[in-house]
Amino acid sequence: FSLSNPANISVEPDQGSIIDAPPLILFANPLEVNPPQQGAPGVIYYGPGYHNPAGGKITLGSNSTLYIAGGAVVNAQVRASGNNIRIAGRGILDSKDWAFGTAGNILQFDNVTNSTVEGIIAKDSPTWTFRLMQCDYITVNNLKILSTSHENATDGIDIVNSSHITITDSFVRSHDDAVAIKGFDVYPVNLAPHTSVTDGRGLDTINIARTVLWTDGANGFRIGCESHAAFMRNFTFTDIDVLHFGGYEWIISLQPAENMPIENVRYENLRAEFEYGATGNFIELLPQVTQWSNPPEGRIQGVYFKNLSLGGYRNPATAGTITVDGPAATHDVRNVTFDNVVRY
């Protein structure tokens, strides 16, 4: 076959499930324009070959660039904090040899502003793959995530207490949630209900477009499940393909608690396919207390779904449910629009 433009695609043999016949995933990248040069000020450069940075960590501060060239495999985790940080290239950031739970996120942004991530592959993180904590004005383009070697907590992208985040033309395959949007009030967060408040800042203006999601065992979008934030609002998700959904949970889930409002969320042009035998569901709008939050429930207002479709084999036939449920008068769901939402 031939491609007329850059694309992220999965070539799948017609031999049963993707477990029995694993796919060939191809990333046809656009050509790079003015890539960073080795030896330039502020540039950490990895050329073709296999690299093991000291201590397995790469630390980035303000006005720094990490460049991973095509053909480079870097066995490390990135820790970034500051302003004007850039990560770019066509190579691979790989943590497949790290045991689950022994290390942190393969890409970890803490208090990062006005920064970009472009072009690289992030592979087999031992926990969440790309975590953005208290970040602002981050642009992500053509990021490819493959995080399936471990299971629990191997999310794709986790946006935590951050605003003005834009993600485009990317690919996320994870075992756990593909995209999770969270609002903590204390970090690290204990799985038991929390007791102290250190942050709780709201999340505003998150846009994801022209992106492929694939989750083997959890949610496509999980928003507000860990709800210790002032608010979540102004989220837009457009031109999304959920290539496979083999989970038992939801393709789209909004679950605010702790009186947190989720407001003004739009999904447009989303196409999803169940994996054979999947038992999960389609859309959940349910203010709900979970193991990661305290009572009471939150509330949801102003959600718009336009041109969404869900296909594929459903077993049982009740799989693919759409749930809109306000558990109480003060923890309700309001102003929800479904425009050409199809399950077939």
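With r defined as the distance between the Cβ atoms of residue 40 and residue 83 and R0 fixed at 25 Å, what FRET efficiency is calculated, to the nearest 0.05? So the FRET efficiency works out to roughly 0.85.
Placing a label point 7 Å from the Cα of residue 304 along the Cα-to-Cβ direction, the residues of region 249-293 with a backbone N closer than 16 Å are 263-270.
With every protein chain present, what is the per residue accessible area of region 1-68 (1.4 Å probe, Å²)?
65
Using a simple spin-label model with pseudo-atoms 7 Å out from Cα toward Cβ, residue 51 and residue 28 lie 2.9 nm apart.
When nucleic acids and ligands are ignored and a 1.4 Å probe is applied, residue 51 ends up with an accessible area of around 50 Å². Near the amide H of residue 129, within less than 5 Å, lie the amide hydrogens of 155, 156, all on another chain or at least 5 residues away, with H placed in the peptide plane. As an exercise, use a Förster radius of 30 Å and the Cβ-Cβ distance of residue 62 and residue 96 to find the FRET efficiency, rounded to the nearest 0.05. After rounding to 0.05, the efficiency reads 0.50. Full extension of the chain segment joining residue 111 with residue 338 gains 78.1 nm, where the gain is 0.36 nm per residue of separation less the Cα-Cα distance.
Shown in residue order for region 49-62 are the 3J(HN,Hα) couplings computed by the Karplus curve 6.51 cos²θ - 1.76 cosθ + 1.60 at θ = phi - 60°: x, 9, 10, 10, x, 4, x, x, 10, 10, 10, 10, x, 4 Hz (x for Gly and Pro).
Determine the relative contact order of the chain: mean sequence separation of Cα pairs under 8 Å and six or more apart, normalised by residue count, in whole percent.
Relative contact order, the chain: 9 percent.
Build a GNM of the chain with springs between Cα atoms under 10 Å apart, and of 141, 52, 207 the one that fluctuates most is 52. Taking amide H atoms as placed 1.01 Å from N in the peptide plane, the amide H of residue 304 lies under 5 Å from those of 265, 266, 267, 337, each 5 or more residues away in sequence or on another chain.
The values are calculated or read from the model by the stated rules, or taken from the named source; none is laboratory data. Just so it is clear, the structure is predicted and the values come from calculations on it, not from any experiment. Reconstructed Cβ throughout: ideal geometry from the backbone, glycine too, with neighbour counts over all protein chains shown. Keep in mind that these areas ignore ligands, DNA and RNA; they rest on the heavy atoms of the full protein, side chains included. Shrake-Rupley method; radii C 1.70, N 1.55, O 1.52, S 1.80 Å.
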